[in-house]
Each structure stands twice: as structure tokens, then as C-alpha cells.
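No lab work stands behind these numbers, since they all come straight from the coordinates. Quick caveat: nothing in here was measured; it's all calculated off a predicted structure. We place every Cβ from the backbone using ideal geometry, glycine too, and count neighbours over all the protein chains shown.
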Amino acid sequence: MPAPLMPGGHPLLGHLRFFSDGPLALMRAALDSGEPLVRLKIGRRGGFIVHDPAAIRRILVEAPDVYQKRTRGYAKLKLLLGEGLVTSEGPFWLRQRRIAQPAFKKPRLEVFVQTMDRAAADLVGQWAQGGEQTVDVAEAMNRLALRIAGETLFSADVTGEAKHIGDAMLAVLERFGPLVSAPIPWPEYWPFPANLKMWRGIRTLHGVVDQMIADRRKNGGPGEDLLGLLMGATDPETGEAMTDRQLRDEALTVLLAGHETTANALAFALMLLAQHPQVQDAAAAEAQAALGDGPIDFAAIKRLTYTRQVLLEALRLYPPVWLLARMPMQDDTLCGHPVNRGAFVFVCPFSMHRHPEHFPEPDRFDPTRFAADAPAPDRHVYFPFSRGRRQCLGDRFAELEAVLILGALLRRFRLEWIEQPVTLAPSVTLRPEGGIRLRVTPRA
Ligand code: HEM
């Protein structure tokens, strides 16, 4: 029997318009319907939204060869990221993943933590100098995470380019939703002002990374960081090194995947802490006791157990990668219903993380859900870093970075919520549109 059809579709456009108008509301309505699988009318082959742990396990973990990244969204992402780690598939992806993996192993992470600590300390110094002030934490976290990604993975200082990169990213991300849901063919090639702006943004981002690669070539050997690993790698069969185009795709993918997501996670976590002063005070007390005044190293981060719970809960409510889309390469069955080849299959961390059967009072911010003595959530109900072989390559990097930064900020500052509407902008990532302004005061 076919899966139940999601109500509210347009007679001609089906559910497509929801993807530009209100995709979060659509996903939430699918969850609230109580159906583990609902059917959507989109495109010729239709789509499905999945809210069932066993089906999510099948899609992400058991059958990734069936459920591939062949959707329109990834095709549009390739305009920017080419065949980088997020967008590529098959043996090419596997080879690239194996090359990049050593850059994220524990010995490297321990070195990265020193860079993260220096960068966080610089921001703390700036805020301390400014005294009591209002700060757009979304912007501040973006700059900080960009600096950290540049220095750790590419040994490059990209902070001078932060404004350029931020504006370019915005131009691309703003265009992404409309391109994915456009009813016209090849929407990116129509000469609309928004398209031209997007292409300028893409050129800027390509230019930043091309320059980084050119500088590295000029300054001698590949080096030990991620860029070095990529530049030094050769194809086991042909012995050839990566082309400049491949290098750019990989480097830009990791630069963007590595800072934009973490920055948004941090901005939402700080927002939640400002809205929940008791949680904030408890996390601040932990940071002061566990860190003292000294530098923050690997061992110190491990002591920030409550702060980590705060991060995991923020990732539950506002997962930066809010939607995963896949396309089945053959007919399949999910939750006892047929799923046709070529359909769009949506797995949505944003709505799944609010499943009332798994998270009582799902909209409430409660870090103790992730306490050591609480039952751990099923890994196909809570999966901010995805699951299976396409799981985030930087998950441990991101967690270390975010916990370190939260600890560094909370031990020195109090954050106050200023009444303001925060609009969620679900593009490739979930961002707070227009930023999040908080009152920052040094703690006595
Ligand atoms: C809170 C921060 C982060 C979140 C929530 C996050 C989440 C994710 C998710 C859900 C995916 C799967 C995407 C898909 O299926 O298309 C992914 C992939 C990826 N992430 Fe992250 N990420 C974060 C931080 C990072 C960092 C810091 C790095 C690198 C330094 C990174 C590098 C990557 C890469 C390279 C992939 C592609 C992996 C592959 O397919 O082999 N991410 N991330």
C-alpha cells in the first residue's frame, strides 16, 4: 500500500512550494501527522519524508549504495563544491575520504586544540576590552570558526577575507533554496540579478581557495595539515597527484563544511544559554572550576561534561545540517510502503530531533537529556552529524571546538537575552537570519 499523502499540496505544484516557503514547517507537519513515512508530490517521481529510526538506519547506514546523493540539492551544491567530499560518490569519494581522514585523528586534534584555544582567547580579549556591549554572536562565531578552520586545516590566515567570504557565502546560500525548488530547467543559468550575485559569490570563494593553494605551492613542500595531505596524495593506480580543480573542490568543501556548521551550532547554543540563565550559570560554574584561568587543552575540554550536554541539546533543537536528501537507485520498501526509484527521500534531523516519543516536551531546552545517567538517544533518532559511511568527517573536531569555545566564553562573560525575533533560515545549513544579538557582560 502506498504511504499516506502529505496534506496541503497545491493542485499543480504539489508540495514543491513548501521548499521555498516553509520547509521546516513542512517537515514538522510530517512529524506531527504521526506517520513514519509520508508521500509528497514533487517532480515527476515524487518524494517521501521519513520519521522512523529503522528506515533512517536503512537509508543512511545499511543501504547507502541504494540511497545516493543524486538529488537536485547536491547537483546545485556542486556548482560551488564540485566533486568535493560532501558531494562526490562511489570509489572517487572513498579514495578522497581515505586521504583526508588522517588529518582528523587524535594526534592532529590535540595540536588543533592549541590553535582553537589561541583563537578563542583572542576573542575573549576583544570582548573584555569592549566592556559591557551588545554583540552579534552569529557573526562573531562565524569569524572565529573561519579563523580556526583556516589555521588548523590549511595553515592559512583567512581572517582578512572574512567579510568577503561571509558575503559570498550568503549570496550563494540565499540562492540555494530557490534553485532547488525552481519549476524551470537550469534555473542557475537564467540571467537574474540573484543568479549573477550567486556566481560572483562562487567566483570569490573559488578565488580564496585557489590563492591558498598557489601560496602553498610557492612556499615549498605540502606540509602536514589537511591541504598538505591532499597535495601530497597520489592515485594508487596512476601515481598522479590531484589536479588543481580537485584540490580546490576538497579544500573549499572542508573550509565551508568546517566553519559554517560549527559557527551556527555555537550561535544557537549561546542564544539558548542567554534565554536560560540557570543553565548558563551552571555551565559557567563548571567552566570556572574545570578550567581556572589557564589555557584550555584536550584534557580540560573533557572535564566540561555539562557544557558538552548543552552543545548536544543545542544540536538537537537547531541541527546546522537540518535536512539530508537521498535518491533511491532502485525500488525499495520503507516502513512497509513502496518507495520508487528516483524519488526524493528526506531525512530531517530538525524534525526527527523533536520526536515526542523519544524526547518528552520536545521543544524544551534541557541539557540533562544528555547526562551520563540518562538513557542515550537512539543514534537514528538523534544524528546531528548524520550516520553511516557519509557521517561527518569533522564531528570530533567540531565537538572539541564548540565545547572549548563555550567554556572559554562562559568562564569570563554573562550573556543576556535581548527580546528579538530570531528567524530560522533553512538553506544548506540552518542559520539565524539577520544574526543573534546578545548583551555581553564580564563576569565578576
Ligand atoms: C557542529 C558542526 C557540524 C555539523 C552539525 C556537521 C554535520 C555534518 C553532516 C550532517 C554531514 C553529512 C552531510 C550529507 O550527508 O550531505 C557532514 C558531512 C561532512 N562534514 Fe560536517 N558537520 C560539522 C562540522 C564539521 C567540521 C568542523 C568539519 C571539518 C573540519 C566537517 C567536515 C565534513 C565533511 C568533509 C563532510 C563530508 C563527509 C563525507 O561524506 O565523507 N564538518 N557534516
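A compact table of results
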read-out	value
Amide proton proximity set for L37, modelled H, under 5 Å, gap of 5+	H51
Difference of contour (0.36 nm per residue) and Cα-Cα distance, A128 to R379	86.4 nm
Karplus-derived 3J(HN,Hα), 6.51/-1.76/1.60, for each residue of the range 125-135, Hz, glycine and proline x	x, 4, 5, 5, 5, x, x, 5, 7, 9, 10
Amide H contacts under 5 Å for L334, placed H, 5+ residues apart	V339
Pairs from K76/K105; K78/K197; K106/K302 whose Cα-Cα separation, in the structure shown, is over 22 Å	K76/K105
The chain, helix-only ellipticity at 222 nm - DSSP H runs n ≥ 4, -39,500 (n - 2.57), divided by all residues, nearest 500	-16500 deg cm²/dmol
The chain: relative contact order as a whole-number percent, Cα under 8 Å and 6+ apart	26
Relative packing of 117-126, 281-290, 427-436, 147-156, which averages over residues the other C-beta atoms within 10 Å, highest first	147-156, 427-436, 281-290, 117-126
Semi-axes of the equivalent ellipsoid for the range 16-442, Cα gyration tensor, largest first, Å	32, 28, 21
Other-chain or far-sequence residues with amide H under 5 Å of F413's (modelled H)	R443
Candidate aspartates and glutamates - alpha carbon under 17 Å from K218, same-chain residues fewer than 8 apart omitted	D157, D210, D244
